[in-house]
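To start, the structure itself, in structure tokens.
The values are calculated or read from the model by the stated rules, or taken from the named source; none is laboratory data. Keep in mind the model is a prediction, meaning the values are calculated, not measured. Cβ atoms come from the backbone with ideal geometry, glycine included; neighbour counts cover every protein chain shown. For the accessible areas, the whole protein counts, side chains as well, though only heavy atoms, and no ligand, DNA or RNA atoms are used. Shrake-Rupley method; radii C 1.70, N 1.55, O 1.52, S 1.80 Å.
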Amino acid sequence: CDLSEATADAINESRERGGRVIVVGTTSVRTLESVANVGQGASPPYVGPTSLFILPGYQFKVVDAMITNFHLPKSTLLMLVAAFIGYDRMRAAYRHAVASRYRFFSYGDAMLIL
């Protein structure tokens, strides 16, 4: 993980003002949530490893919304999405994606999850 001082400051200022933190990509989600765990809820600058594995039941501390692509079945990233929006909403979104012939994986279609 690598969270610069400028980005950490922007996140903390947004949170203090009651703003939302909208994150692009699951790696960024894991980074910000890992840093929040290290910083006890705040977002200090941080460079280092993470072993955070986000599963349903996880309580998000920083991320309010995310943009991510449609992940492959049985992936850990799919579990992160399920942790964020719940199994039922995730399944409904993926049923819609399959029915609409959206592209999955790294260079596929993306979704904004609020």
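Structure above, values below:
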{"item": "Residue check, Ser43 open to solvent by less than 20 Å² (accessible area, probe 1.4 Å), at pLDDT below 95 and farther than 16 Å from Leu114 by Cα", "result": "yes"}
{"item": "Condition check for Ala92: aliphatic (A, V, I, L, M) and assigned to a helix (DSSP H, G or I)", "result": "yes"}
{"item": "Condition check for Gln59: modelled with pLDDT of 95 or more and open to solvent by 50 Å² or more (accessible area, probe 1.4 Å)", "result": "yes"}
{"item": "For Ile67: the one exception among (1) in a helix (DSSP H, G or I); (2) modelled with pLDDT of 95 or more", "result": "(1)"}
{"item": "Residues satisfying the stated conditions in segment 21-48, i.e. over 27 Å from Tyr107 (Cβ atoms) and assigned to a loop (DSSP other than H, G, I, E, B)", "result": "Gly39, Gln40, Gly41, Ala42, Ser43, Pro44, Pro45, Gly48"}
{"item": "Residues satisfying the stated conditions in segment 15-37, i.e. within 17 Å of the chain's Cα centre (by Cα) and free of Cβ contacts under 8 Å to residues at least 40 places away in the same chain", "result": "Gly19, Thr27, Ser28, Thr31, Leu32, Glu33, Ser34, Val35, Ala36, Asn37"}
{"item": "Conditions (1) at pLDDT 95 or above; (2) surrounded by fewer than 14 Cβ atoms within 10 Å (Cβ to Cβ); (3) in contact with a helix residue (DSSP H, G or I) (Cβ under 9 Å, 6 or more places away or on another chain); (4) within 27 Å of Ala99 (Cβ to Cβ); number of the one not met by Val24", "result": "(3)"}
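Residue-wise test of (1) over 20 Å from Ala36 (Cα atoms); (2) touching a residue at least 40 places away in the same chain (Cβ under 8 Å); (3) among the small types (Gly, Ala, Ser); (4) open to solvent by less than 30 Å² (accessible area, probe 1.4 Å).
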position: Gly48; (1), (2), (3), (4): no, yes, yes, yes
position: Met66; (1), (2), (3), (4): no, yes, no, yes
position: Leu72; (1), (2), (3), (4): yes, no, no, no
position: Ile85; (1), (2), (3), (4): no, no, no, yes
position: Arg101; (1), (2), (3), (4): yes, no, no, no
